[in-house]
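Let me begin by presenting the structure, written as structure tokens, before commenting on it.
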Amino acid sequence: MQADQIIPLLQVTLVPVVMISAVGLICLTVQTRYGRIIDRIRALNEEKRAIKTVLRITDASNPELHRQKERLEFVETILEKLTKRGLYLKWALFLMLSSVFCFIATSFLILMSAIGITQGYLILGLFSIGMICVLVGSLLLSLEVALSYTMTMMEIRT
């Protein structure tokens, strides 16, 4: 293979590498958000268990009982919304990682096409699937951010 043939091949191969790097950075952010939400779900679930225990052993005439019931309702509402946020992030992360797989495979197929083993439509198809995964994952991230804001406003009001 001549140098004038290798240089365009290397340039084409770099496009998926750039996408891998970009999506990798997004994955770091999503993973951090996902981990924080999971930790918060666990903490609130523990609080929910503790409140239920207090409610079981508290006398019905105790004035604290009403406050505990309100807190339990609030915690259950927050848990429901956090679970939804976690689901959005889980799927966003899955799609982003799937796109990384597609971009890695695309790079490999580009190199394979240089020696005539694979066809261009396969490369284009795999790269397109990767881009669709990034698009849908980004949409899920947007939904999670919107829900995050809604939850924050809800917590401020209570």
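List every residue pair whose Cβ atoms sit under 6 Å apart, with the two residues 6 or more apart in sequence or on different chains, where the first one lies in region 120-132 and is closer than 17 Å to Leu14 by Cα and touching a residue at least 24 places away in the same chain (Cβ under 8 Å) and the second, anywhere, is surrounded by 14 or more Cβ atoms within 10 Å (Cβ to Cβ) and of a type in the set (Val, Ile, Thr). Short answer, once both residue conditions are applied: Leu126/Thr106; Phe127/Thr106. Checked against the criterion of being under 13 Å from the mean Cα position of the chain (by Cα) and surrounded by 15 or more Cβ atoms within 10 Å (Cβ to Cβ), the candidates Leu72, Leu93 yield just one match: Leu93.
Here is the figure for region 132-158: residues that are in a helix (DSSP H, G or I), among the hydroxyl-bearing types (Ser, Thr, Tyr) and more than 14 Å from the chain's Cα centre (by Cα) total 3. Contact annotation: residue pairs with Cβ atoms under 6 Å, 6 or more positions apart or on different chains, pairing a residue in region 47-71 that is closer than 25 Å to Arg157 by Cβ with a partner that is surrounded by 11 or more Cβ atoms within 10 Å (Cβ to Cβ) and of a type in the set (Ser, Thr, Tyr), are Leu65/Thr58. Within region 47-95, the set of residues being of a type in the set (Asp, Glu) and in a helix (DSSP H, G or I) comprises Glu47, Glu64, Glu70, Glu73, Glu76, Glu80. Of the residues that make up region 120-138, is at least one out of contact with any helix residue (DSSP H, G or I) (no Cβ under 7 Å at 6 or more places or on another chain), on the phi < 0 side of the Ramachandran plot and aromatic (Phe, Trp, Tyr)? Among the residues of region 120-138, at least one is out of contact with any helix residue (DSSP H, G or I) (no Cβ under 7 Å at 6 or more places or on another chain), on the phi < 0 side of the Ramachandran plot and aromatic (Phe, Trp, Tyr), which makes the answer yes. Restricting Ile110, Ile129, Ile38, Ile104 to those that are in contact with a Ser or Thr (Cβ under 7 Å, 6 or more places away or on another chain), among the aliphatic types (A, V, I, L, M), within 30 Å of Cys27 (Cβ to Cβ) and assigned to a helix (DSSP H, G or I) reduces the list to Ile110. Of the residues Leu82, Leu72, Leu65, which single one is in contact with a Ser or Thr (Cβ under 6 Å, 6 or more places away or on another chain), more than 17 Å from Ile26 (Cα to Cα) and not acidic (Asp, Glu)? Testing whether each residue is in contact with a Ser or Thr (Cβ under 6 Å, 6 or more places away or on another chain), more than 17 Å from Ile26 (Cα to Cα) and not acidic (Asp, Glu) leaves just Leu65.
No lab work stands behind these numbers, since they all come straight from the coordinates. The shown structure was predicted, so the numbers you read here are calculated from the model rather than taken from an experiment. Neighbour counts are summed over all protein chains in view; Cβ atoms, including those assigned to glycine, are modelled from backbone coordinates with ideal geometry.
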